[in-house]
Amino acid sequence: MIEILDPTVAASTQPIAFAPRPRALEGKRVALIENTKYNSDRLLARIGDMLKEEYGVAEWKMYRKHNAGVPAHQEIIEAIKTSADVVVAGIGD
Amino acid sequence: MPATLTSQRFKVQSLDEAMELCYAKGWSDGLPVVPPTEAGVRAMLDAAKLAPDTQIGYLSHRAVSITAEKVAINAVMAGCKPEYMPVVVAGVEGIADDRWSYHGPGTSTGGAAVLMIVNGPIARELDINAGDNLFGPGWRANLTIGRAVRLVMRNVAGSLPGLLDRGTVGHPGKLSYVIAENETESPWTPLHVERGFRPEQSTVTVMAAESPHQFYNQLSSTPEGVLTTLADNMRVSGNVMGQPNYCLVIAGEHMRTIAGGGWGKKEIREFVWKHTQNSHAHLKRTNRMTGAIQADDEQKLRPLVASPDDLLVVAAGGRAGAFSCFIPGWSSAKTSQAVTKEIKR
């Protein structure tokens, strides 16, 4: 009989509270988080325009991360907290 | 009474069954692993003088604490001898360092491996290869230390190929990518001393890295000649626009030629930095830089790396043969920097 040990680990649990979801996008302010990859700004700007045209959002503003390999930095998170109701963030290749 | 190991235990009837269980559980990199028994894991921890619950690193974006126990289990699976454990631990500390920035190289389509360069007396004590067949098979320490770090990435950090690790083509260095500097024969300042450590300290430098790119120069007997070939091969390699770290691995013949001309690592870095710059026109013509070519773009130069200090120069490789290599770093030096950690024993 051999007994072996599990080399894996489960991520520690973290309490995460989701912000309440808006019932509609009309009149909302949208923050777009751009990950610096080529064309990501153009893609997000198009998404912002579509949200205005088709869903009636009030405005959109783009925020740029330091680079694609890191999470959004505190400075833009703080700015978004006060300037936006809804955030579009994503990473694409 | 030694501290309890808290990992879940699995009972099997035979060695074969243990190895197959490791495959079935998804714990292997594809090669057979050594089944991690308590005795093997305790030998690893004892060799590094670590309690099982000691935290070696914490990856905040994964919310994962990498404990000595998990590093030891993966080191056993990789086939490490217990005396390799302090090197594995230093490597894990390196990739968990904020400057290395695990989130990028641990996941990116860019397919980075963890290049580990070992310096100091431990490299000789553990017979970590710094010579012939530098990146090839034949040395247990080179192949199992890097494998252990990659197994930690897989099993603890969750960098599973095809899931969190999305390297588009990857490369064989993602199995193991460990070398030592040939401090015995090198006339130059060792890498770890250049990076602020004492010669008698042992260190591991981790760099998020592409595969080695070999170059050939059998004609020249001067530093400028050899390095002109290197620079020509290197100029449009890697993430040209990202300006990452590069590692230059200078093998025996080239090392003797360059040192014979009176050049040290500083002169190598400055020459290579100066001669690997691309014109904006070339970068635009080859679809690396955006925009239309402007009147002065033939004269405007962009360096391959931001500073000569972004080039890590290492003396290693066989004595014979007019070959050396360069290794482009992943992404950019802003995104992930090479990190050097002391190996504590």
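Restricting to segment A:36-50, give me the number of residues that are surrounded by fewer than 20 Cβ atoms within 10 Å (Cβ to Cβ) and either touching a Leu at 6+ places or on another chain (Cβ under 8 Å) or more than 20 Å from B:Gly291 (Cα to Cα) (or both). Break it down stepwise before answering.
Going through segment A:36-50, the residues surrounded by fewer than 20 Cβ atoms within 10 Å (Cβ to Cβ) turn out to be A:36-39, A:41-43, A:45-50.
Next, only the ones that are either touching a Leu at 6+ places or on another chain (Cβ under 8 Å) or more than 20 Å from B:Gly291 (Cα to Cα) (or both) stay: A:45-50.
Result for segment A:36-50: 6.
Restricting to segment A:68-88, name every residue that is surrounded by 15 or more Cβ atoms within 10 Å (Cβ to Cβ), within 14 Å of chain B (Cβ to nearest Cβ) and under 11 Å from A:Ile33 (Cα atoms).
Correct list: A:Ala68, A:Ala72.
Report, by residue number, each residue of segment A:25-67 that is part of a strand (DSSP E or B) and in contact (Cβ under 8 Å) with a residue 40 or more places away in the chain. Before you say what the answer is, go through the steps one by one.
Initial filter on segment A:25-67 (part of a strand (DSSP E or B)): A:29-34, A:59-64.
Matches in segment A:25-67: A:Arg29, A:Val30, A:Ala31, A:Leu32, A:Ile33.
Got at least one residue in segment B:179-193 being within 13 Å of the chain's Cα centre (by Cα) and in a loop (DSSP other than H, G, I, E, B)? Yes, segment B:179-193 has at least one match. Within the option set B:Gly110, B:Gly94, B:Gly104, being within 14 Å of chain A (Cβ to nearest Cβ) and either assigned to a helix (DSSP H, G or I) or buried (at least 24 other Cβ atoms within 10 Å of the Cβ) (or both) holds for one residue only, B:Gly110. One residue stands out in segment B:52-91 among those that are of a type in the set (Ser, Thr, Tyr) and either more than 13 Å from every other protein chain (Cβ to nearest Cβ) or surrounded by fewer than 21 Cβ atoms within 10 Å (Cβ to Cβ) (or both): the one that is farthest from the chain's Cα centre (by Cα), namely B:Thr54.
Beta carbons closer than 6 Å, at least 6 apart along the sequence or on distinct chains, pair a first residue in segment B:244-262 that is free of Cβ contacts under 8 Å to residues at least 40 places away in the same chain with a second that is surrounded by 19 or more Cβ atoms within 10 Å (Cβ to Cβ) and of a type outside the set (Val, Ile, Thr) for B:Ile258/B:Pro223; B:Gly261/B:Pro223.
Of all positions in segment A:53-65, at least one carries a residue that is of a type outside the set (Phe, Trp, Tyr), within 14 Å of another protein chain (Cβ to nearest Cβ), surrounded by 14 or more Cβ atoms within 10 Å (Cβ to Cβ) and closer than 28 Å to B:Ala333 by Cα.
Scanning segment A:57-75 for residues that are β-branched (Val, Ile, Thr) and at pLDDT 95 or above turns up just one, A:Val57. Among the residues examined, B:Arg288 does not qualify as in contact (Cβ under 8 Å) with a residue 60 or more places away in the chain, assigned to a loop (DSSP other than H, G, I, E, B) and of a type in the set (Lys, Arg).
Criterion applied to B:Glu181, B:Glu93, B:Glu194, B:Glu125 was being over 26 Å from B:Ser324 (Cα atoms) and among the acidic types (Asp, Glu), and the one residue passing it is B:Glu93.
Answer yes or no: is there a residue in segment B:265-284 that is part of a loop (DSSP other than H, G, I, E, B) and either within 20 Å of the chain's Cα centre (by Cα) or closer than 21 Å to B:Pro190 by Cα (or both). The answer is no; no qualifying residue exists. Each residue in segment B:1-23 was checked for being part of a helix (DSSP H, G or I) and within 12 Å of chain A (Cβ to nearest Cβ), and 8 of them qualify.
Conditions (1) among the charged types (D, E, K, R); (2) touching a residue at least 12 places away in the same chain (Cβ under 8 Å); (3) at positive phi, marked per residue:
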site: B:Gln55; (1), (2), (3): no, yes, no
site: B:Ser60; (1), (2), (3): no, no, no
site: B:Ala78; (1), (2), (3): no, yes, no
site: B:Val87; (1), (2), (3): no, yes, no
site: B:Ile95; (1), (2), (3): no, yes, no
site: B:Asp98; (1), (2), (3): yes, no, no
site: B:Asn119; (1), (2), (3): no, yes, no
site: B:Leu126; (1), (2), (3): no, yes, no
site: B:Gly138; (1), (2), (3): no, no, yes
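Of the residues examined, B:Ser28 is one that is under 27 Å from the mean Cα position of the chain (by Cα) and within 11 Å of chain A (Cβ to nearest Cβ). Within segment B:211-234, is there a residue that is without any contact (Cβ under 8 Å) to a residue 60 or more places away in the chain, surrounded by 16 or more Cβ atoms within 10 Å (Cβ to Cβ), assigned to a loop (DSSP other than H, G, I, E, B) and in contact with a helix residue (DSSP H, G or I) (Cβ under 7 Å, 6 or more places away or on another chain)? Within segment B:211-234, one or more residues are without any contact (Cβ under 8 Å) to a residue 60 or more places away in the chain, surrounded by 16 or more Cβ atoms within 10 Å (Cβ to Cβ), assigned to a loop (DSSP other than H, G, I, E, B) and in contact with a helix residue (DSSP H, G or I) (Cβ under 7 Å, 6 or more places away or on another chain). If you go through segment B:329-345 and keep only what is part of a strand (DSSP E or B) and either surrounded by fewer than 24 Cβ atoms within 10 Å (Cβ to Cβ) or of a type in the set (Lys, Arg) (or both), you end up with B:Val339, B:Thr340, B:Lys341, B:Glu342. For segment A:9-51, the candidate set comprises residues that are touching a strand residue (DSSP E or B) at 6+ places or on another chain (Cβ under 8 Å) and β-branched (Val, Ile, Thr); within that set, the residue that is farthest from the other protein chains (Cβ to nearest Cβ) is A:Val30. Considering A:Ala19, A:Ala10, A:Ala72, the condition of being assigned to a loop (DSSP other than H, G, I, E, B) and either closer than 30 Å to B:Cys22 by Cβ or among the aromatic types (Phe, Trp, Tyr) (or both) is satisfied by A:Ala10 alone. The test for being surrounded by 14 or more Cβ atoms within 10 Å (Cβ to Cβ), within 14 Å of another protein chain (Cβ to nearest Cβ) and either without any contact (Cβ under 8 Å) to a residue 12 or more places away in the chain or under 30 Å from B:Pro52 (Cβ atoms) (or both) holds for A:Asp6.
The values are calculated or read from the model by the stated rules, or taken from the named source; none is laboratory data. This one's a predicted model, so the numbers in the text were calculated from it and none came from an experiment. Don't worry about glycine lacking a Cβ; one is built from the backbone with ideal geometry, like all the others, and counts go over all protein chains shown.
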